[in-house]
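Heads up: the structure comes next, in structure tokens.
Rule-based calculations on the coordinates, nothing more; no lab input. Only a predicted model underlies this, so the values are computations on that prediction, with no experimental measurement involved. For neighbour counting, all protein chains shown are included, and Cβ atoms are generated from backbone atoms with ideal geometry for every residue, glycine included.
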Amino acid sequence: MTAQTTLVLGANAVIADVRCSVAFSSTSPLKFGQQLGLLWLPLDANRQAVCSSAYLHEPKDWATIDDTNNPSKWQLNLPKLFEQQGVHFLQLIAYAYDEPSLNLPAVELSNVCLTLNDGELRYDFTARERHVKAAIILEIYQRNGQFKCWALGEASTQGLTSLEQRVQVSLDVRPPNTHARIQAAQQQQAGSHNAHNDIRPPRQIQAGETWTGTAFAIDPYHLLTCYHVIESAQMIGIRQQGQPDREAQVVLSDIGSDSAIIRVSDPLPSHIPLAQQCSDILGETITTLGFPLSGLSSQLQVTQGCISGLTGLNDDIRYLQFTAPIQPGSSGSPLLLPTGEVVGMVTASLVHENAQNMNYAVKFQLLSALLASAGISLESKADSSSATPLTTPQLSKQSRSALWLVGCQG
């Protein structure tokens, strides 16, 4: 039996089994998956986010939960992750869910114990200050053909918020109950069955499974859609009547804002502009164009409504609420102002017997930030404040060639 190595703060050690297991525990009464969260954050050489993180509620193919009844035990496939372009480091972050509805106003992160490969390595993290909300516990890297880990203890009283700016990506800070409600709606839109408001595990994709969504072009080669539309897809294609089918590749995706950029190799016929600045848009008329229920019809569908709220569920500032009817497959549809500008992107609908028109869209500011993170700059549009508002038929005619049906296969 291999002797256990106990790491101290700042120590490094070789990870012998690169397809390793990692188990966590806390000496406090707080439980992982209930009051405490974990995420694995892949970083590039500059320690900025390079691809989507793995969470307790959102495992990846390189980071899976070993036992659904024990969400604090993981299996990592380090070679599979580090083979991805740009990945140089993998950080483990533990954090407290900070949400008043949990009725735990004093939730703090105090002690975390982790063991690798059933005891090969052990590290006990203890917060050295009060009111800690998040901490970087471990960093894994590759050097001289070996995978190594570095015991860290960088703590924050601001939670994941303080980390987001440094790694330049939005992190999914929502507690499990909130995430489950949004996720259930997203699962229904992405083609899964009977979304509801109970807590459920992440969507599992079967080999060969297909599903659809919507994307819209924002320049001659790039389109925006939802993260949950392209999530776990082994193949992504886009289709438009009168145009050849095209294969698309993911440029950048962000689970925190449920947004993704995809790219095609041949120029697209047209694109639509993102709004640059908007004020007083509460109550503004909006038009959506997308491909809902594509199994019944592959024709572009147009619906109308208004912006009914400036925040999402639980006052989430990343989202708008709107009233235009949407259906499964609408995810990724643009919300168009009468000027023809995109003010948001359809992401979810709250499915509840007492809720109507509880539909949500990612705000244009987050979409712009995602494009900037990918190094994509858009042409500046002339001031549209004095432009004559377009009618719905005019909006549809002007924008339809920028809308694409997205088909994905697992």
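Given the convex hull of the Cα atoms of the range 244-354, what is a quarter of its surface area in nm²?
The Cα convex hull of the range 244-354, projected and averaged over all directions, gives 8.7 nm².
Stretching the chain fully between T126 and T388 yields a gain of 88.2 nm (0.36 nm per residue, less the alpha carbon separation).
Hey, if you put +1 on the Cβ of every Lys and Arg and -1 on every Asp and Glu Cβ in the range 222-363, which of N314, L337, S270 ends up farthest toward the positive end of that dipole? Checking the options against the dipole of the range 222-363, the answer is S270.
Within the shell of other residues whose beta carbon sits under 15 angstrom from the beta carbon of E83, the net charge comes to +1, with Lys and Arg scored +1 and Asp and Glu -1. Going by the alpha-carbon gyration tensor, a ≥ b ≥ c the square roots of its eigenvalues, is the range 205-285 rounded (a/c under 1.5) or, if a/c is not under 1.5, prolate (a/b greater than b/c) versus oblate? Oblate, since a/c reaches 1.5 and b/c is not below a/b. With both labels modelled 7 Å from their Cα along Cα-to-Cβ, the L310 to S377 distance reads 3.1 nm.
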